[in-house]
Every structure is written in C-alpha cells, then in structure tokens.
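Engineer: Shown below is the structure under consideration.
The values are calculated or read from the model by the stated rules, or taken from the named source; none is laboratory data. Since the structure is predicted, the reported quantities are computational estimates derived from the model, not experimental observations. All Cβ positions, glycine included, derive from the backbone under ideal geometry; neighbour counts span all protein chains shown. When the accessible area is computed, the model is the full protein with side chains, heavy atoms only, and any ligands, DNA or RNA have been set aside. Shrake-Rupley method; radii C 1.70, N 1.55, O 1.52, S 1.80 Å.
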Amino acid sequence: METTYVMVKPDGVQRGLIGEIIGRFERKGLKLVGLKSVVPSKETAESHYAVHSERPFYPGLIEFVTSGPVVCMAWNGKDAIAVARTLIGATNGREAAPGTIRGDFGMDMGFNMIHGSDAAETAEFELGLWFPEGLMDWEQTITSWVYE
Ligand code: DAT
Ligand code: MG
C-alpha cells in the first residue's frame, strides 16, 4: 500500500471542481487519509515546486498556486501514486486523454487543476510538507470489496 499527495489547485477550486475531483478518487477505491483546504504560503509553494525553480514558468507557477485556496489530500491504496497520476492525466489538458481529470476539464498547461506526486520519494516529501500534523490511520470497511 502507498500513499500519494494530491492537490486541487486554485483554478480547480475557482471552477467548482472540488467535489467532482474528490468523487473520482473515492469512486476509484482509494482511501482518504488526509484532507484540508489552505491558502498556501510562498515558502510551502516554493518547496513543493523546488524541482522547477530554474524553469521560466516557476515565478508564475508560485504566484498561481498561492493565489487562493487549494485542497490538500492524501490518498492511500495499492500503487496509489501511479493510479492517481492515471486518473489525473497528462500535464497539458489539451493533450490529456478523455476520461482523465485534465482531459475532461482542462484546456491549459499551467491551469491544469490538480497535482499528484510522481514517485515514492516525492510523495513522502510532499506529504510531510503539506501534512506535518500527520495523516489519518483508519480501517475502511469497503476495502475488502475493493481488493480480492
Ligand atoms: P505535472 O503536474 O503533470 O506533474 P510537472 O511536474 O512537469 O507536471 O510541472 C508542474 C506544474 O508546472 C504543472 O502542473 C504545470 C506547470 N508547468 C509545467 N510545465 C509548464 C510549462 N512548460 N509552462 C507553464 N507551466 C508549466
Ligand atoms: Mg510534477
């Protein structure tokens, strides 16, 4: 079992897609182990996107992600990191496959509504960054009907 960090970005919140996005992860069979909404600080946003700090789009990305509320989530399940990335779709909404979140709702690269960790190390770092208080440890009764 893995846990991944997923975040509805300010454009997803502004467009009223919080429920739609959370619903897709719930219906897939992932287990919610962290959920909150915050307006990210510049420090947190800069740490989160530190790998992109030398890219030309970085200043705009930081301004965008700190511009309003985001929804921070932690989802747990088998191969949760890859499963979440599959649900999310390609970075550019115009190229993302139909059926994915970005493919169904997005038309842009920067305004792509959602973030998902891309590997085990980044998930661990991002979960610690956004949920320093820790995650919820609970048994979900449907688990025995999600996995054989
Ligand atoms: P992803 O969010 O699919 O993991 P990424 O890690 O490569 O994509 O980039 C992080 C975010 O930065 C991405 O969601 C949108 C923005 N971004 C990436 N490449 C960009 C570009 N060429 N122009 C503008 N924004 C970009
Ligand atoms: Mg990424």
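Engineer: Return only the number of the condition from (1) open to solvent by 10 Å² or more (accessible area, probe 1.4 Å); (2) more than 15 Å from ligand 2 (Cβ to nearest atom) that Cys72 does not satisfy.
Structural biologist: (1)
Engineer: Of everything in region 102-133, what is in contact with a Ser or Thr (Cβ under 8 Å, 6 or more places away or on another chain) and not in a helix (DSSP H, G or I)? Give them in sequence order. Give the steps one after another, and end with the answer.
Structural biologist: Filtering region 102-133 for residues in contact with a Ser or Thr (Cβ under 8 Å, 6 or more places away or on another chain) gives 102, 109, 112, 116-117, 123, 126-127, 129-130.
Residues satisfying the conditions are Met109, Asn112, Gly116, Ser117.
Engineer: While we're here: Any idea how many residues of region 125-148 are farther than 14 Å from Leu32 by Cβ, exposed (fewer than 11 other Cβ atoms within 10 Å of the Cβ) and within 21 Å of the chain's Cα centre (by Cα)?
Structural biologist: The total comes to 2.
Engineer: Tell me which residues, restricted to region 113-127, are more than 10 Å from ligand 2 (Cβ to nearest atom) and in contact (Cβ under 8 Å) with a residue 60 or more places away in the chain.
Structural biologist: Within region 113-127, Met113, Ile114, Ala120, Ala123, Leu127 qualify.
Engineer: So which residues in region 40-51 are surrounded by 13 or more Cβ atoms within 10 Å (Cβ to Cβ) and either outside any helix (DSSP H, G or I) or of a type outside the set (D, E, K, R) (or both), if there are any at all?
Structural biologist: Pro40, Thr44, Ala45, Ser47, His48, Tyr49
Engineer: Pairs, please: C-beta under 8 Å, at least 6 apart or cross-chain, first residue farther than 19 Å from Ser117 by Cβ and in region 42-62, second more than 13 Å from ligand 2 (Cβ to nearest atom) and not basic (Lys, Arg)?
Structural biologist: Partner pairs satisfying both residue conditions: Lys42/Ile62; Lys42/Thr66.
Engineer: Picking from Val83, Val71, which residue would you name as being touching a residue at least 24 places away in the same chain (Cβ under 8 Å) and touching a helix residue (DSSP H, G or I) at 6+ places or on another chain (Cβ under 6 Å)? Step through it out loud before you land on a result.
Structural biologist: Details: Val83 fails: touching a helix residue (DSSP H, G or I) at 6+ places or on another chain (Cβ under 6 Å).
Only one candidate passes the filter, namely Val71.
Engineer: Would you check if Gly99 is in a loop (DSSP other than H, G, I, E, B), more than 9 Å from ligand 1 (Cβ to nearest atom), on the phi > 0 side of the Ramachandran plot and at pLDDT 95 or above?
Structural biologist: yes
Engineer: Any residue in region 25-32 that is modelled with pLDDT of 95 or more, in contact with a Phe, Trp or Tyr (Cβ under 7 Å, 6 or more places away or on another chain) and assigned to a helix (DSSP H, G or I)?
Structural biologist: Yes: region 25-32 contains one or more residues that are modelled with pLDDT of 95 or more, in contact with a Phe, Trp or Tyr (Cβ under 7 Å, 6 or more places away or on another chain) and assigned to a helix (DSSP H, G or I).
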